[in-house]
Amino acid sequence: MKPTIGIVGAGKVGGTLARLCLQHGYHIGAVYSREAAKKGALAQVVGADAATSAQAVVAGCDLTLLTVPDDALVGLASAIRMEHQMPAFPRAVVHTSGAQSMEVLKPLAEAGLMTGSLHPAYPFASVESALHGLEGAAYALEAEHDLLRDWLHDLVLALGGRVIQIPPGKKALYHAALVMASNYTVGLYGVAKRLLMSLGAERGAEDAALNALLAGTIANLQEKGVPNALTGPLVRGDAGTIRAHLAALDADTAALYRLLALATLPLAEARGVDTTEIRQTLEDFYAREKEI
Ligand SMILES: NC(=O)c1ccc[n+]([C@@H]2O[C@H](COP(=O)([O-])OP(=O)(O)OC[C@H]3O[C@@H](n4cnc5c(N)ncnc54)[C@H](OP(=O)(O)O)[C@@H]3O)[C@@H](O)[C@H]2O)c1
């Protein structure tokens, strides 16, 4: 039996998941959001009740998804708990934050509700784009109760996704991995763009160069994965080029470059590259920087 789904927070994630759950055979029991127009619009689209409070959603649905901003979770959990009466049958409340663990819902667990988190590892720019893009994405799942874990597993499979089960206490590690892959790629893009602009590159030309490079890298990653997608001087064992790069960069950027090279070297080594000279180059650079 599929659980009845409740949605609290009619934003990008709530709006997308509600529509997709409906498309995949789930009944959406109730929707709550503070703004009446937003709540009414989503409730109408998915054929749900427009509830008068978050607690009303929890009381009326088997599985409530709290798709509200991270900072609203603590207040919402205590508001639901204050009104909560032990239900005669299992009720679950799950949030969709990547940064917060299920611990933030502890007051609800203590009040007898099953709690967990289900984070779609996908950038929701809008409901429209996410409705198409979410297919095949991974979802990080935390839940202690077997029944809730089964519900969430089935839900992810129904939406065409993959589950990453997060062991207790490891949510921050999971989120750090996503931030490194997504946010810091943008950060590195910014650094590379600054370097190209310092050469006097024509405006827009630096974006053209970097976008083509990144698109090719992502295509290689999707096709070959790691370590085979790695190209460039590390995988050629080209210590002379690494030395030239370190000499060309300002001190802070060179220090960042060295750390990224150290993090990437194991991939070159997994390809059978002898990295002894490159490692020595990086060590020599570090020793010189410490002296200065
Ligand atoms: N955006 C992403 O890429 C993404 C990806 C994965 C996970 N997430 C997570 O999913 C959650 C929602 O993110 P989102 O991007 O969907 O945010 P969003 O578009 O800003 O939507 C959040 C909605 O929550 C409602 N809300 C705020 N406070 C509330 C409260 N106290 N009670 C009830 N409703 C409340 C707001 O509508 P009203 O003003 O009508 O209340 C708003 O529409 C966050 O935990 C976020 O970290 C986001």
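The values are calculated or read from the model by the stated rules, or taken from the named source; none is laboratory data. From a predicted model like this one, the values you see are computed outputs, not experimental measurements. So basically every Cβ, Gly included, is an ideal-geometry build from the backbone, and we count neighbours across all protein chains shown.
Conditions (1) at pLDDT 95 or above; (2) farther than 27 Å from L196 by Cα, marked per residue:
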position	(1), (2)
R243	yes, no
L259	yes, no
E269	yes, yes
T276	yes, yes
T281	yes, no
D284	yes, no
A287	no, yes
K290	no, yes
Could you tell me whether A30 is more than 8 Å from the ligand (Cβ to nearest atom) and part of a helix (DSSP H, G or I)?
-> no
Given the structure, is L147 over 18 Å from the mean Cα position of the chain (by Cα), in a helix (DSSP H, G or I) and among the aliphatic types (A, V, I, L, M)?
-> yes
Number of positions in region 139-164 that are touching a helix residue (DSSP H, G or I) at 6+ places or on another chain (Cβ under 6 Å) and either surrounded by 19 or more Cβ atoms within 10 Å (Cβ to Cβ) or free of Cβ contacts under 8 Å to residues at least 24 places away in the same chain (or both) = 6
Hits in region 59-72 - residues which are of a type outside the set (A, V, I, L, M), within 15 Å of the ligand (Cβ to nearest atom), crowded, with 18+ Cβ neighbours inside 10 Å and in a loop (DSSP other than H, G, I, E, B) = C61, T67
Single unsatisfied condition, A192 versus (1) more than 16 Å from the ligand (Cβ to nearest atom); (2) outside any helix (DSSP H, G or I); (3) of a type in the set (G, A, S) | (2)
Taking region 88-99, which residues are in a loop (DSSP other than H, G, I, E, B) and crowded, with 21+ Cβ neighbours inside 10 Å?
-> R91, T96, S97
S97 hydroxyl-bearing (S, T, Y), within 15 Å of the ligand (Cβ to nearest atom) and in contact with a His (Cβ under 8 Å, 6 or more places away or on another chain) = yes
Any chance L108 is farther than 25 Å from M180 by Cα, assigned to a helix (DSSP H, G or I) and near the ligand (Cβ under 10 Å from one of its atoms) | no
Identify the residue in region 111-138 that is surrounded by 22 or more Cβ atoms within 10 Å (Cβ to Cβ) and out of contact with any Phe, Trp or Tyr (no Cβ under 8 Å at 6 or more places or on another chain) and, among all such residues, is farthest from V179 (Cα to Cα).
-> L113
Pair list, Cβ < 6 Å and 6+ apart or interchain, from region 91-105 residues that are under 22 Å from G60 (Cβ atoms) to residues that are part of a helix (DSSP H, G or I) and within 10 Å of the ligand (Cβ to nearest atom) = H95/L73; T96/V13
Of the listed residues (A56, A43, A50, A36), the one being near the ligand (Cβ under 9 Å from one of its atoms), surrounded by fewer than 24 Cβ atoms within 10 Å (Cβ to Cβ) and of a type outside the set (D, E, K, R) is A36
Residue count, region 165-189 (criterion: exposed (fewer than 15 other Cβ atoms within 10 Å of the Cβ) and not in a helix (DSSP H, G or I)) | 6
Got a sec? Which of L76, L118 is modelled with pLDDT of 95 or more and more than 8 Å from the ligand (Cβ to nearest atom)?
-> L118
Within region 1-15, track down each residue that is in contact with an Asp or Glu (Cβ under 9 Å, 6 or more places away or on another chain), within 13 Å of the ligand (Cβ to nearest atom) and not in a loop (DSSP other than H, G, I, E, B).
-> G6
